[in-house]
2 protein chains.
Amino acid sequence: MKSTDPDAELEEMPEAECLELLDQHSLGRVAVVIDGQPQIFPVNHAMSDRIIAFRTGSGTKLSHAPGSKVCFEIDEYDSSTGVGWSVMVQGVAVDATESFDDVSWATRAAAPWPLAPGKKPFWIGIEPSKITGRRFRRKA
Amino acid sequence: MKSTDPDAELEEMPEAECLELLDQHSLGRVAVVIDGQPQIFPVNHAMSDRIIAFRTGSGTKLSHAPGSKVCFEIDEYDSSTGVGWSVMVQGVAVDATESFDDVSWATRAAAPWPLAPGKKPFWIGIEPSKITGRRFRRKA
């Protein structure tokens, strides 16, 4: 079974590398919890120092993310090289649209480019409390 | 701004199409909630009827998913066609490793192939309570 492949290696990535990957990519997923039920939404993000910034409309994310614990994740698997990795950010979200705290300023300094249609006038920032990442390489 | 592009269209996908996409793909993300904090993990999944099946080791997912509300998500964006979509499944997870209920049988009938290394002797099934999907197309 592939799952017990002894030739594959799994390693933890240092935080600096996780931040670099977050900065290099622009499509991740944010999870919010609504009445105990997690929900996952793809979002286009951008980094501003350690803050993850994305824009949104007046929907589920805006209603439930600010002030709550959220998760942000990016991952990739390249079948040609056999390398897979994922980065997970745990933290609290902030409605940064009009606030003047440091996180809000940082959020609005980022330049996320939403690909999905619809007006997205609100800015959400995620201040990380924990950043973790893993990488594996499948040997040929 | 791209976010307000009037030429992009967003549409809800019917459940049948969501299930088809879930069946055609093998890499998604599962979100579990631990002390109010959502966490997102990439997993290789397979479908068995409406059940989402994946395998795992003795870690966070096995400790916190079974018996709890979880979320499973897949998404894709093709920059050459400008088409993006995502499917979200909300439901309750079941440790299907040794149980004899219908969900567990269905889970073990699926054939997920974990790409990540490490022993994954446990089977988790997700019985959907809600399946939703969205697609957008950016016009050229």
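The values are calculated or read from the model by the stated rules, or taken from the named source; none is laboratory data. No experiment lies behind these values; they were computed from the predicted model shown. For neighbour counting, all protein chains shown are included, and Cβ atoms are generated from backbone atoms with ideal geometry for every residue, glycine included. All accessible areas refer to the heavy atoms of the entire protein, side chains included, with ligands and DNA or RNA removed. Shrake-Rupley method; radii C 1.70, N 1.55, O 1.52, S 1.80 Å.
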task = Evaluate the distance, in nm, between pseudo-label points positioned 7 Å from the Cα of B:Ser99 and of B:Val83 along their respective Cα→Cβ axes.
result = 3.7 nm
inquiry  = A 31 angstrom limit on the alpha carbon distance is what I want to check against. Which of B:Lys61/B:Lys130; A:Lys61/A:Lys130; A:Lys130/B:Lys139; A:Lys61/B:Lys139; A:Lys61/A:Lys139 exceed it?
reply    = A:Lys130/B:Lys139; A:Lys61/A:Lys139
inquiry  = Let me confirm one metric for peptide A:104-116, namely the mean number of other chain beta-carbon atoms within 10 Å of its residues' beta-carbons.
reply    = 3
query = Which angle between 0 and 90 degrees, to the nearest 10, do you get for helix B:15-24 versus the longest principal axis of chain B when only C-alpha atoms count?
reply = 70 degrees
Peptide A:118-124 - average C-beta neighbours from other chains (10 Å radius) = 2
Exposure of B:Arg138 as accessible area (Å², to 10), given a probe of 1.4 Å and all protein chains = 40 Å²
Fluctuation leader among A:Ala93, A:Ala16, A:Ala111 - chain A, Gaussian network, Cα springs under 10 angstrom = A:Ala16
query = Hey, in the GNM for chain A with a 10 angstrom Cα cutoff, which one of A:Asp35, A:Asp49, A:Asp101 fluctuates hardest?
reply = A:Asp35
message = Need one word for the stretch B:6-63: rounded, prolate or oblate. Basis is the Cα gyration tensor (sqrt eigenvalues a ≥ b ≥ c); a/c below 1.5 gives rounded, then a/b vs b/c decides.
response = oblate
inquiry  = Given the DSSP H assignment, sum -39500 (n - 2.57) over each helix run of at least 4 residues in chain A and divide by its residue total; what's the result at 222 nm in deg cm²/dmol, nearest 500?
reply    = -4500 deg cm²/dmol
query = Given q = 0.07 Å⁻¹, what are the Debye log10 I(q)/I(0) values for the protein assembly as shown, with equal point scatterers placed on the Cα positions and solvent ignored?
reply = -0.24
Per residue convex hull volume, Cα atoms of the stretch B:1-102, in Å³ = 137 Å³
A:Trp113-A:Ile34 FRET efficiency (beta carbon distance; Förster radius 22 Å; 0.05 resolution) = 0.25
request  = Ignore the peptide's own chain and count Cβ atoms of other chains within 10 Å of each Cβ in B:68-74; give me the average, rounded.
outcome  = 5
inquiry  = How high is the relative contact order of the stretch B:91-140? Use alpha-carbon pairs under 8 Å, at least six apart in sequence, and give a whole percent.
reply    = 48 percent
